[in-house]
1. Whether any residue in the stretch 563-586 is in a loop (DSSP other than H, G, I, E, B), at pLDDT 80 or above and over 19 Å from Thr408 (Cβ atoms) is what I want to check.
2. What are the residues in the stretch 484-498 that are crowded, with 21+ Cβ neighbours inside 10 Å and aliphatic (A, V, I, L, M), if any?
3. From the residues in the stretch 504-552 that are basic (Lys, Arg) and more than 21 Å from Tyr469 (Cβ to Cβ), which one is most open to solvent (accessible area, probe 1.4 Å)?
4. Mind listing whichever residues of the stretch 383-401 are open to solvent by 10 Å² or more (accessible area, probe 1.4 Å) and either among the hydrophobic types (A, V, I, L, M, F, W, C) or outside any helix (DSSP H, G or I) (or both)?
5. Looking at the stretch 463-476, is at least one residue among the hydrophobic types (A, V, I, L, M, F, W, C) and farther than 16 Å from Ser329 by Cα?
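The values are calculated or read from the model by the stated rules, or taken from the named source; none is laboratory data. Bear in mind that the values here come from a model prediction, so they are computed numbers and not experimental data. All Cβ positions, even for glycine, are placed from backbone atoms using ideal geometry, and neighbour counts span all protein chains on display. Just so you know, the surface numbers come from the protein's heavy atoms only, side chains and all, with ligands and any DNA or RNA stripped out. Shrake-Rupley method; radii C 1.70, N 1.55, O 1.52, S 1.80 Å.
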Amino acid sequence: MTSTEVPRPAGEGPPEDAEPWRRPARQAAPDPHAAGSVDGAPYDLWTHPADSFHPAHPSAGSAFLPDPPDVWALPPEPIEVRPPRTRGAHAAPRPSRMAHAAAVTAGLSVAGSVLGLVRDQGIAHLFGAGAESDAFLVAWTIPEIAATVLIEDAMALLMVPAFSAVLARGDGTRSLVRGTLPRLLAALAVLTAALAAGAPWVVRVLAPGLADPATAVACTRLTALTVLTFGVAGYLSAALRAHRRFVPPAAIYIAYNTGIVAVLLALHGRLGVKAAAAGVAVGGALMIAVQLPSFVQVLRATPPGPAGPVPGNPLGLALLAPVVVFTLSRQAQVLVERFFAAPLPAGAISHLNYAEKVAQLPMALSVMIVTVTFPVLSRALAGGDLEQARQRVERDLALACLVVLLGTAYVVACAPQIIDVLFQRGEFTAADTAATATVMRVYALGLLGQSLVGALVRPYFSAAGPTWYPAAAMALGLLVTVVTDAAAAGPWGVYGIAAGNALGITVTAALLLRGLGAHTVAVRARAVAPRIARIALAALCATAAGWALAHRLPDPAVAVAACAVAVPAVFAAAALAARVPEVPDLLAIVTRKGRP
């Protein structure tokens, strides 16, 4: 092919006007991978008369064949013209769609958290922080663990790869559903029945010194239903996310907390605190209901096909076991707290629960950042781009620290005022507010560790092979929590238990950071540590300013509102003075809509 020969798909005409281009006979490319082919489709080869012009040829003169304009000059390599590609049903989503899905998921998650706060306010208002609320919170342990294992971590790791593998092969998902869902339902039903039947034993193990075990047993039998409903809800969430349906899975906690609040308000006069447990059972069913129509629609839209084994066996025990053990070990911190708090005076478990729920909101927001950037990190590690992965991890750590330390400054500065505004009404007294606020300040010492664990564990589980290091690090941190709680619960009560939680999770974060380079991707400690130190300095300045302001304002609501403005302002000013670059980085992540 000469420099002015241009292949064009058959019937599309010449590159420019019809003159002076001329077309020879139609040609076909037998090899779709050969240079100059057009995916094996017939094409017309258009040539320019200048191809036959040569100054030394006696018959070639300017009177007959003028020099072609320079704009017609073509590169020496042939131009390959391909038909436009169409986006298949399972093509990679555009970054803008990913960013939109992340934004919708984040918005619905925040709405679910707000309803969860309304739920906690309702329980605190109706039952205070006493024996009844302690009994319910022991039963609440089951849905807490079930949500982590069956919705957020293990079920997603089990079923999202399975559905994705079937879709990548172009098969329908009906066969996969037929092969897995009945077995899952049977296993969950057996486990639910076992928990309900063994509720007295469960209560004795979780809280051996509980003041009102009978109420806790009744509540546990109701909350045991969440093992079945959460398992099904997690299965539906995994299937819908694999099909890129993100809204219904993100709305499940809105439905869940709505069900709890509605039943609690309707039946608390008749059932007492057992109404909250009944609301948990109803809320679990609503988690299924909000996803079921989309799930049925997805099944009807996909043709039936053999499920087949997933390539590489990503559902094998070797890959799942480390994740499950890590998840259960992290959730076991709550079990340890309630175990040591049960023999303490009535209300101890409630004070720990309310303090933890409020204090962990900054941590949840910080982990949301690394959740959005998690696909970027996964792609970098899958493609072997360790430098991009390292940069991503370092930025994620700094951004997560910025968000969680800003929230920590606010929580520590205004803890009594926050608890007063949120909970001090009805049966929740001023003494409960003072105790919960102090526990929350102690809890806040571990928020940085909680956030770092959430950010650091993702690179480990993005690696190609399974690793037990995160589970071992979490187990060692849990051991530190157990030892600290055993030593501190007697002399310091709930404050010692909260300190054990903070110390244990901080040890886990340090171990995960130390082992990152050996197991997945190394981060530059000398680059990350100064950035975190500057953020911590800004947080200390903001805490001092917020503390001073909160104590000068007698009205708790006014103090909460004023500190909500003053603490971020002082934090931003101090961070700017310390040359902390993470605030513009955070804005860049939001505005560039998912680009790495």
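1. First pass over the stretch 563-586, keeping only residues in a loop (DSSP other than H, G, I, E, B): 578-581.
Adding the requirement that they be at pLDDT 80 or above leaves 578-580.
Then keep just the ones that are over 19 Å from Thr408 (Cβ atoms); that gives 579.
The answer is yes; a qualifying residue exists.
2. Across the stretch 484-498, the qualifying residues are Ala489, Val494, Ile497, Ala498.
3. Of the residues in the stretch 504-552, the ones basic (Lys, Arg) are 514, 524, 526, 531, 534, 552.
Next cut, more than 21 Å from Tyr469 (Cβ to Cβ) only: 526, 531, 534, 552.
Values: Arg526: 222, Arg531: 42, Arg534: 72, Arg552: 194 Å².
Taking the candidates together, the pick is Arg526.
4. Answer for the stretch 383-401, where residues must be open to solvent by 10 Å² or more (accessible area, probe 1.4 Å) and either among the hydrophobic types (A, V, I, L, M, F, W, C) or outside any helix (DSSP H, G or I) (or both): Gly383, Gly384, Asp385, Leu386.
5. Narrowing the stretch 463-476 to residues among the hydrophobic types (A, V, I, L, M, F, W, C): 463-464, 468, 471-476.
Right, trim to farther than 16 Å from Ser329 by Cα and you get 463-464.
Yes, the stretch 463-476 has at least one match.
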